[in-house]
Amino acid sequence: MIISLKVDADVERVIRELTAKGLWIASVSRAAGQDGAARGGIAQLTVAEHSAHVVPSELDAIPGVASVALPDSLHPRVDAHPPTVTVGDVVIGAGVAPVIVAGPCSVEGEDQILEVARRLHGAGVKLLRGGAFKPRSSPYAFQGHGEPALKWLRRAADRYGMRVVTEPVGEAEVELVAEYADLVQIGSRNMQCFSLLKAVGKTKRPVMLKRSMSATIEEWLLAGEYLLSHGAAGVVFCERGVRGFDPKTRNLLDLGAVAMLAHVHRVPVLVDPSHGVGRRDLVLPLARAAIAAGASGVMVEAHHEPGAALSDGAQALAPEAVGDLARALLAMAGGA
Ligand code: PEP
Ligand code: MN
């Protein structure tokens, strides 16, 4: 942001006012006059990118400020994104109760997903998530049951009045997945698969966009811009941990990024503590931290028999534990 001052502005005073608003001044250039006033020329202040969120009109009102110029954003649609996204009867975003997206890492069979859905519904969950096409690091790991799993997932969700969240792993299955999903997931490894983002955008569905384990916040926002510029009905960002240096936790959950999206960019953001930490006993404390940082809800993995899960069992909660988690998060949001 560049702030140009009037010729008679008291530069030091303007800087003090800006600093009091939480802005960090990266550089000051004065065309002439070095004695504290911009006399004889116009001073320009460059505000560093990591400053506080401010409304430009408030800056215009500071005595001595002539104009405020914002750099062109590379993601105008994300910048203009509303604070909420609606998925059927569920609203995700600022100002509403935290949402819980839950379900098994993989849809393993019709009976399995019916059982998990029944118990999650009992726990108050409205968004049922399950993998039909699984992005696995190894080609020898279980890849998901594909189209039959989409049918089982849809049937289970419909039986309990829930909404479906699931992901395509390649362009080839985008149309198919969009037929079954109310909220289309983009997995971490696909966050920068631009042809997939374009194809998913064209389905005009709302999208849950997981952050790549090595993406900067700007790259994540730009991936959201791909989706919106190709027609997505809305984007819910989902932080799932970036790659850290310590294998004790599966990933490094970046709650700073969550606060940035929630409070500075003001877009809906969820947190996936299951993949973030990789072990079920730490999912609840991290979910609480996520809400405190500004997340609008969480995505957690749940299984009717976590010990027997075909993928990610170590981080899966029993459905009843998801109920405990939901109560804890609702209590936080209610100020209890
Ligand atoms: C998942 O959500 O099941 C998954 C594979 O997560 P991620 O894409 O974040 O690794
Ligand atoms: Mn998983």
Of all residues in the stretch 208-253, which are within 16 Å of Asp79 (Cβ to Cβ) and either among the aromatic types (Phe, Trp, Tyr) or open to solvent by 40 Å² or more (accessible area, probe 1.4 Å) (or both)? Ile217, Glu218, Glu219, Trp220, Leu222, Tyr226, Ser229, Phe237
Looking at the stretch 88-102, which of its residues are within 23 Å of Asp158 (Cβ to Cβ) and touching a Gly at 6+ places or on another chain (Cβ under 8 Å)? Ile92, Val99, Ile100, Val101
Would you check which residues across the stretch 245-288 are farther than 22 Å from Leu221 by Cβ and aliphatic (A, V, I, L, M) and list them? Val277, Leu282, Val283, Leu284, Leu286, Ala287
Kindly indicate whether any position in the stretch 146-153 is touching a strand residue (DSSP E or B) at 6+ places or on another chain (Cβ under 9 Å), more than 30 Å from Met1 (Cβ to Cβ) and part of a loop (DSSP other than H, G, I, E, B). no
Flagged in the stretch 155-175 as in a helix (DSSP H, G or I), surrounded by fewer than 22 Cβ atoms within 10 Å (Cβ to Cβ) and over 24 Å from the mean Cα position of the chain (by Cα), in numbering order, are Arg155, Asp158, Arg159, Ala172
Has the stretch 186-204 got at least one residue that is more than 22 Å from Pro76 (Cβ to Cβ), touching a Leu at 6+ places or on another chain (Cβ under 9 Å), touching a residue at least 40 places away in the same chain (Cβ under 8 Å) and not aromatic (Phe, Trp, Tyr)? yes
Go through (1) within 16 Å of ligand 2 (Cβ to nearest atom); (2) out of contact with any Gly (no Cβ under 8 Å at 6 or more places or on another chain); (3) open to solvent by less than 10 Å² (accessible area, probe 1.4 Å) and name the single condition Leu282 misses. (3)
Quick one: count up the residues across the stretch 84-129 that are in contact with a Lys or Arg (Cβ under 6 Å, 6 or more places away or on another chain) and within 16 Å of ligand 1 (Cβ to nearest atom). 4
Here are some conditions: (1) within 16 Å of ligand 2 (Cβ to nearest atom); (2) farther than 22 Å from Leu228 by Cα; (3) of a type in the set (Val, Ile, Thr). Val271 meets all but one. Which one does it not meet? (2)
With respect to the numbered conditions (1) touching a residue at least 60 places away in the same chain (Cβ under 8 Å); (2) within 16 Å of ligand 2 (Cβ to nearest atom), which one is the sole condition not fulfilled by Leu70? (2)
For Glu301: the one exception among (1) within 16 Å of ligand 2 (Cβ to nearest atom); (2) closer than 18 Å to Met191 by Cα; (3) of a type outside the set (S, T, N, Q); (4) in contact (Cβ under 8 Å) with a residue 60 or more places away in the chain: (2)
Take the residues of the stretch 91-147 that are within 16 Å of ligand 2 (Cβ to nearest atom), open to solvent by 40 Å² or more (accessible area, probe 1.4 Å) and of a type in the set (Gly, Ala, Ser): which is farthest from His275 (Cα to Cα)? Ser138
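The values are calculated or read from the model by the stated rules, or taken from the named source; none is laboratory data. Everything numeric here is computed off the predicted structure, so don't read it as measured data. Every residue, glycine among them, receives a Cβ derived from its backbone with ideal geometry; neighbour counts consider all protein chains shown. Surface areas here come from the heavy atoms of the whole protein model, side chains and all, with no ligands, DNA or RNA. Shrake-Rupley method; radii C 1.70, N 1.55, O 1.52, S 1.80 Å.
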